[in-house]
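The values are calculated or read from the model by the stated rules, or taken from the named source; none is laboratory data. Predicted, not measured: the structure shown is a model, and the values here were computed from it. Don't worry about glycine lacking a Cβ; one is built from the backbone with ideal geometry, like all the others, and counts go over all protein chains shown. Please note that ligands, DNA and RNA were not included when accessible areas were found on the heavy atoms of the full protein model with its side chains. Shrake-Rupley method; radii C 1.70, N 1.55, O 1.52, S 1.80 Å.
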Amino acid sequence: MSFLSGKRILLGITAGIAAYKTASLVRLFIKCGAEVKVVMTPSAKDFITPLTLSTLSKNPVYSSFTSEEDENEVWNNHVELGLWADFFVIAPTTANTLAKMANGICDNLLMATYLSAKCPIYFAPAMDLDMYKHESTKTSIERLQEFGNILIPPGTGELASGLVGEGRMAEPEEIVEFIENSISSNLALNGITVLITAGPTYEAIDPVRFIGNHSSGKMGYAIAEAALKFGARVILVSGPTSESLSHKNLTIVDVMGAEEMYQNVHKYFGESDIAILSAAVADYRPKTVSKQKIKKQDSTFSIELVKTKDILASLGEIKKEKFLVGFALETENELYNAKKKLANKNLDLIVLNSLNDDGAGFGTLTNKVTFITAQGDVFEEGLKSKMEVAEDLIKLIVTSYVI
Ligand code: CTP
């Protein structure tokens, strides 16, 4: 999962030799889960063909105000293009385009789109070192930054002229990393560590058998994904599940039983600001675990069970300023029981799940929850996807704890 996942990226290409690298850049954006459209200056077509870029982006490529190849001469609406984009990335940006951007010169579709765009604009200059050092280039870059545009600094190395110095466009991988870091540093949970538990626990009976439950882990993984989207660093302590997630800000700690989950949650609680315990932890485990597979004998068979440690309650005792969220799965006197749990376990927020609602509960893609805060606010939500519920939860935490 990337910060660019689901985002609409408009890539502006101007006429520099580094334009050949934009084929890789489009591929990388697509790999991140972004939708990509390309607008290029007419001369940029000398460096890379629109066909290459439209094939990779799976969208038409725009370079003039009308599509000449279309017999109906469709007008390419620069205002719509500018408004469509979540991010406008101009790479490479030549000295010529930098100067036009700095002065509002609007003599091609890319420039008209630039002047119409309301989204964050990134620009990655690329030119020969003396052009880059020139006072007029420096002035253009400074003006663009004053306008709020974001510079993706060029690298140093061998240039197309054969000279060595500053002016080389940042590599496509560096551009993607730069934009991702810039997005995450502006997000609400930037600098915040969120500890999450997810999935069931398996309590061993013998080497081949266990006591488990039907939790799929979907809710906990959705919460982890939502926290990552908001810029958090996430530590996900996960019971056995078929869910998967990867992100540079995510650490997954796989555990099996309640005791192992308890140990790992306490190991990472100190470095966390927020803890969200959504795992369906077994309340009891077999008192002894047989070393050998238990053979069948009598017609009945009993296992002595002992209580597991209540991880959530144990965090409530030591939490201090940290924000602690628990889940409650109730079948009767739901609101009353959830409020009692919130108070008894010293929580800041509890998410009440009701098994009485269709579409809510184990294994489903949807959930119907009620959020109850320590201040006594009750937010009853409708049936939503687990991802929407996760985003609602994170937004509520952001508004009640972070800001
Ligand atoms: N929980 C936990 N450790 C346990 C049991 C539960 O951390 N050993 C956490 C769950 O992750 C959840 C919350 O406690 O956030 C509520 O779990 P719930 O299923 O409602 O059960 P209990 O609190 O154990 O209470 P009861 O079974 O009596 O309803």
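Scan the range 371-393 and tell me whether some residue there is modelled with pLDDT under 90, within 14 Å of the ligand (Cβ to nearest atom), surrounded by 16 or more Cβ atoms within 10 Å (Cβ to Cβ) and assigned by TED's automatic domain parsing to the domain that holds Glu260. No.
The residues of the range 95-112 that are outside any helix (DSSP H, G or I) and surrounded by fewer than 19 Cβ atoms within 10 Å (Cβ to Cβ), listed by number, are Gly104, Ile105, Cys106, Asp107.
Apart from one condition, Phe3 fits all of (1) touching a strand residue (DSSP E or B) at 6+ places or on another chain (Cβ under 8 Å); (2) farther than 22 Å from Met101 by Cβ; (3) buried (at least 23 other Cβ atoms within 10 Å of the Cβ); the exception is (1). When residues in the range 255-272 are screened for being under 23 Å from the mean Cα position of the chain (by Cα) and either over 14 Å from Ala224 (Cα atoms) or not assigned by TED's automatic domain parsing to the domain that holds Arg285 (or both), 4 of them pass. Here Phe147 meets the list (1) touching a strand residue (DSSP E or B) at 6+ places or on another chain (Cβ under 8 Å); (2) under 19 Å from Ala91 (Cβ atoms) almost entirely, failing just condition (1). Listed by position, the helices (runs of 4 or more DSSP H) contained in the range 113-204 that have at least 3 residues being open to solvent by less than 20 Å² (accessible area, probe 1.4 Å) and either within 30 Å of Leu305 (Cα to Cα) or not charged (D, E, K, R) (or both) are 135-146, 172-185.
Restricting the range 287-334 to residues that are of a type in the set (S, T, N, Q) and closer than 30 Å to Gly270 by Cα, the residue that is farthest from the ligand (Cβ to nearest atom) is Ser314. Taking the range 287-387 and the strands (runs of 3 or more DSSP E) fully enclosed by it, the elements with 3 or more residues that are touching a residue at least 40 places away in the same chain (Cβ under 8 Å) are at 323-330. Considering only residues in the range 338-355 that are more than 9 Å from the ligand (Cβ to nearest atom) and open to solvent by 60 Å² or more (accessible area, probe 1.4 Å), the one that is nearest to Leu383 (Cα to Cα) turns out to be Leu355.
Consider Ser238 carefully, then state whether it is closer than 23 Å to Ile397 by Cβ, buried (at least 23 other Cβ atoms within 10 Å of the Cβ) and of a type in the set (Ser, Thr, Tyr). Here the answer is yes, as Ser238 does meet what is asked.
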